[in-house]
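Report on the structure given below.
The values are calculated or read from the model by the stated rules, or taken from the named source; none is laboratory data. What you see is a predicted model, and the numbers here were worked out from it, not measured in a lab. Cβ placement follows ideal geometry from the backbone for every residue including glycine, while neighbour counts extend to all protein chains displayed. Please note that ligands, DNA and RNA were not included when accessible areas were found on the heavy atoms of the full protein model with its side chains. Shrake-Rupley method; radii C 1.70, N 1.55, O 1.52, S 1.80 Å.
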Amino acid sequence: MANVRKITHPRRTDGSTKTSWRATWTAPDGKRQSKNFPRKAEADAWLRDVGAGRVGGSSAMTVTELAAAHMRYFDGLVKAGEREAVTLDGYQTVSSVHLAADPGFARRRLCDLTAPSIQTFLDETFARTGSADLAARVRRTLVTWCKFGMRRGWLHANPAQACVVERTRRTSDEEGDGFNLPDKATLAALIAAAGKGPHAARDTAVVRLLMFGGLRISELLGLADDALVLKPKGATVRVRERLQRRHRTLGPPKSAKARRDVPVGEAAALAVRAWRFGTRSGARVQPSQRAAPDGPRRRSAVSRASRWRCLVLR
């Protein structure tokens with residue numbers, strides 16, 4: 001049951017006393033929470049907002065502690081193979097970089113966490129970084145943390161959901177101007193430059209697959225022995241895995257659409273075939289399985305260079 005009562009604080013050294021009004025309520029997790037106000041009207045208004053679900057949360061947990069609790073939970077999902085480690089890296093970046101840049105917001109208790117306070121934090125993040133996309137990413141992370149806090153009973157509502165990061169809405173014509181395809185001479189020069197290095201055959205195969213197959217770097221590095229099927233004319237690249245850059249482990253593609261078969265032309269197929277002929281006598285590197293000490297079985301860590309040697313077929 002929520003109530004407001006008058007509190008008289010211990011006498012100060014100068015002999016004066018201070019009184020305040022303490023609002024007390026029951027959080028969703030069943031624990032009693034309280035907050036002091038200088039006036040009774042403010043305490044009553046706070047309890048009305050708590051009852052309407054607009055505010056309210058743990059009076060002991062801070063934003064930093066909420067973030068840490070969520071990342072511990074998410075780390076368990078990563079070890080179980082249900083989530084990807086790169087997503088956890090993004091949460092850790094928001095906590096260690098952007099929360100650390102605003103200690104006042106990081107130390108804010110959840111009972112004081114409101115949409116205006118979060119909006120101010122997002123505006124300051126945008127002003128500090130100059131990137132609306134980064135500020136929007138921070139907002140999505142805060143929404144995720146607050147949802148987790150609601151499920152744990154530490155928050156009554158999700159105050160981050162009401163916050164926005166203003167970005168310019170581009171028309172379809174403007175969106176088409178974001179990328180200009182290089183002319184044929186530039187692309188030909190890139191292919192020619194790939195054929196002049198110490199690993200000309202490999203570099204030419206890489207450039208042609210990226211240029212004409214449209215693969216992501218992580219997808220290219222995650223290609224296994226049977227991922228590229230050569231045909232008399234052309235080839236088909238089967239994208240089934242990608243190499244996570246930081247953790248150097250193999251995982252599924254980023255989405256269902258990313259799991260695809262990509263046809264490439266005869267020139268790219270011949271470049272890969274030439275590279276295979278040149279390295280057939282070398283030892284093949286196969287991705288091995290190892291059991292992580294605190295998680296599921298995952299692909300062994302490999303470098304970008306050694307991972308691409310896996311394309312050598314028998």
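The calculated P(r) of the stretch 55-161, using every Cα pair and 5 Å bins from 0, goes 2, 13, 24, 26, 19, 11, 4, 0 in percent. Computed 3J(HN,Hα) for the stretch 130-145, one whole-Hz value per residue from the Karplus formula 6.51 cos²θ - 1.76 cosθ + 1.60 where θ = phi - 60°, is x, 10, 5, 5, 5, 5, 5, 5, 5, 4, 4, 5, 5, 4, 5, 5, glycine and proline marked x. The modelled label-to-label distance between K6 and D133, using points 7 Å beyond Cα along the C-beta direction, is 5.9 nm. Under 5 Å from the amide H of R260 lie the amide H atoms of V239, each residue being 5 or more positions distant or on a separate chain, with H modelled from the backbone and absent for Pro and chain starts. On full extension, the segment bounded by R216 and R151 gains 19.8 nm, given 0.36 nm per residue less the C-alpha separation. For a straight C-alpha distance cut-off of 23 angstrom, the lysines reachable from K40 (same-chain residues fewer than eight places away being disregarded) are K6, K18, K31. Remark: spin-label model distance T24-A258 equals 5.2 nm, labels positioned 7 Å along the Cα→Cβ axis.
Here the calculated FRET efficiency for A80 and A60, from their Cβ-Cβ distance with R0 = 25 Å, stands at 0.30, rounded to the nearest 0.05.
Could you pull out the pairs from K184/K254; K233/K257; K233/K254; K79/K254 whose alpha carbons sit more than 23 Å apart here? Mind dumping the intermediate values first?
On the way: K184/K254 31 Å; K233/K257 26 Å; K233/K254 30 Å; K79/K254 18 Å.
In this structure, K184/K254; K233/K257; K233/K254 exceed 23 Å between Cα atoms.
When you count the other C-beta atoms within 10 angstrom of each residue and take the mean per peptide, 158-166, 136-144, 195-203 line up highest first as 136-144, 158-166, 195-203.
What order do Y73, Y91 take when sorted by accessible area (1.4 Å probe), most exposed first? Spell out each step's value before the answer.
Details: Y73 90, Y91 30 Å².
So, going from the largest accessible area down, we get Y73, Y91.
Ordered by solvent-accessible area of protein heavy atoms (1.4 Å probe), largest first, the residues S255, S131 come out as S255, S131. Using the Cβ-Cβ distance between A193 and F277 with R0 = 25 Å, the FRET efficiency computed as 1/(1 + (r/R0)^6) comes to roughly 0.70.
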